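All remarks here apply to the structure that follows.
The values are calculated or read from the model by the stated rules, or taken from the named source; none is laboratory data. Please read these numbers as outputs of a predicted model, since none were measured by experiment. Ideal geometry is used to build each Cβ from the backbone, glycine not excepted, and the neighbour counts take in all protein chains shown.
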Amino acid sequence: MQKVRVESNRENDGSSIEPKLRQLTFAEVTNLIAEKRILGEGGFGTVYHCSMNGAEVAVKVLKVFPAQETKDFQAEVKILATVYHRNLTRILGYCNEGVNKAIMFELIEKGNLKHNLSERNSNVLSWELRLSILLGTAEGLGYLHHGCNPPIIHRDIKPENILLTREFEAKLADFGLSRIFHFESAGASSRIVGTPGYLDPEYIHPRLLTEKVDVYSFGVVMLVVITGRTTVVEGATHITQWVSEKVTNGDIRGIVDPRLERSYNVNVAWRVVELAMACVSSNSSSRPNMSYVVRELKECVPQPVIRSSNDAAGIALTTSNIRSVFRPHTRLLGFEVCKRVGYFSSNPPRRVRYDRSLHKVFEQDPTWGDHDDGVFVIQSRHELVDKMCS
């Protein structure tokens, strides 16, 4: 068993991150779940809504596994309980009696994201709320990847595992369960854990397990949140393929959930779709990491601003929002050209005037990672597109 070291990100850095967990007997668990108020079922077990000493909690009764696979259960739960982030559910207690295992979590009031996105739910989540939920989820997942050593790979990112508080703050659930059952190891994985529709093709074959498995699943979640659709669209088409075809046709209105009735910024919508499509790239090495995803989403939650240039009569565009200029012209420029703007991410901040020689730059491969925005000064969007297409 490899111990996880975590970065403290509590508001009070001087406080201990060692939690006090309640140890439950299996008899107590049986009494708690007697009302059979099932919140959800997954690959690791069934979650129940329970009342305990006047408090509402969630209890996950885990599926029975061979004893040798859960020998470190108690130690693993205690380690995972130290993984603290505002966008991760908190572990409150556990049961460890032979093959009978259960974990008690805080109850999150609004239920899961799947329920809140459902067409049967009369309260349609606004565009702003959707972006905020995606950002919170990305921050929680990013903490598992970059705030824990070794990184914790979730392996089952899906709307059912994204819970919403009364204020619609996202909390990621079920993290670390693959550690408990000893399914997690770097490199090749002998057992597939996850949900069809959200599984990374490279994880299925050749069973390559890295953090990029979660990035792919999060990208699919982004598409589900943006479109309001399930992972299978119009019969047998996977949502990634369906959105890709819409992107090629430059059809953002056909991508975004029609229930939003166009109450969103088109440029922001394109940018979020582009980010999602980068996450679901068929080649895992081409996908961004979660730190990059968080930075991009933070810039999308507030609407991007096009600033006036002080040294030209044109429009000054950062590399972060220049992609929104390309969006209406996807059919002419091609989707890949927008990704190639990422090339400028590796350059220091600078101000240049767009000219024909810039074509050569777009032949470079994109670079994902930390960056300062370069700035381009152009006279108009039409001028940019004309020069790009000439």
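Hey, any hits in segment 84-92 for a residue that's among the aromatic types (Phe, Trp, Tyr) and surrounded by 20 or more Cβ atoms within 10 Å (Cβ to Cβ)? Outline the logic, then answer.
As a first pass, look at segment 84-92 and keep what is among the aromatic types (Phe, Trp, Tyr): 84.
Restricting the remaining residues to those that are surrounded by 20 or more Cβ atoms within 10 Å (Cβ to Cβ) gives none.
No: segment 84-92 contains no residue that is among the aromatic types (Phe, Trp, Tyr) and surrounded by 20 or more Cβ atoms within 10 Å (Cβ to Cβ).
Taking segment 1-21, which residues are in contact with a Phe, Trp or Tyr (Cβ under 8 Å, 6 or more places away or on another chain) and modelled with pLDDT of 80 or more? Listed by number, the list holds a single entry, 21.
From the residues in segment 215-273 that are among the hydrophobic types (A, V, I, L, M, F, W, C) and outside any helix (DSSP H, G or I), which one is surrounded by the most Cβ atoms within 10 Å (Cβ to Cβ)?
Step one: list which residues in segment 215-273 are among the hydrophobic types (A, V, I, L, M, F, W, C), which gives 215, 218, 220-226, 232-233, 236, 239, 242-243, 247, 252, 255-256, 260, 266, 268-270, 272-273.
Right, trim to outside any helix (DSSP H, G or I) and you get 232-233, 236, 252, 255-256.
Numbers: 232: 13, 233: 16, 236: 7, 252: 20, 255: 22, 256: 24.
Only one residue fits best here, namely 256.
Run down 217, 281 and say which single residue is touching a Lys or Arg at 6+ places or on another chain (Cβ under 6 Å), of a type in the set (Ser, Thr, Tyr) and closer than 28 Å to residue 139 by Cβ.
Details: 217 fails: touching a Lys or Arg at 6+ places or on another chain (Cβ under 6 Å).
Matching residue, one of 217, 281: 281.
Just so you know, in segment 276-294 the residues that are assigned to a helix (DSSP H, G or I) and closer than 14 Å to residue 227 by Cβ include one that is farthest from the chain's Cα centre (by Cα), and it is 277. Restricting attention to segment 125-179, the residues being under 10 Å from the mean Cα position of the chain (by Cα) and of a type in the set (Gly, Ala, Ser) number 4. Filtered by the rule that a residue be buried (at least 24 other Cβ atoms within 10 Å of the Cβ) and of a type in the set (A, V, I, L, M, F, W, C), segment 134-143 gives 134, 138, 141. Scanning segment 26-36 turns up no residue that is within 30 Å of residue 168 (Cβ to Cβ), of a type in the set (Asp, Glu) and assigned to a strand (DSSP E or B). Evaluate the following for residue 245: is it of a type in the set (Asp, Glu) and modelled with pLDDT under 95? No.
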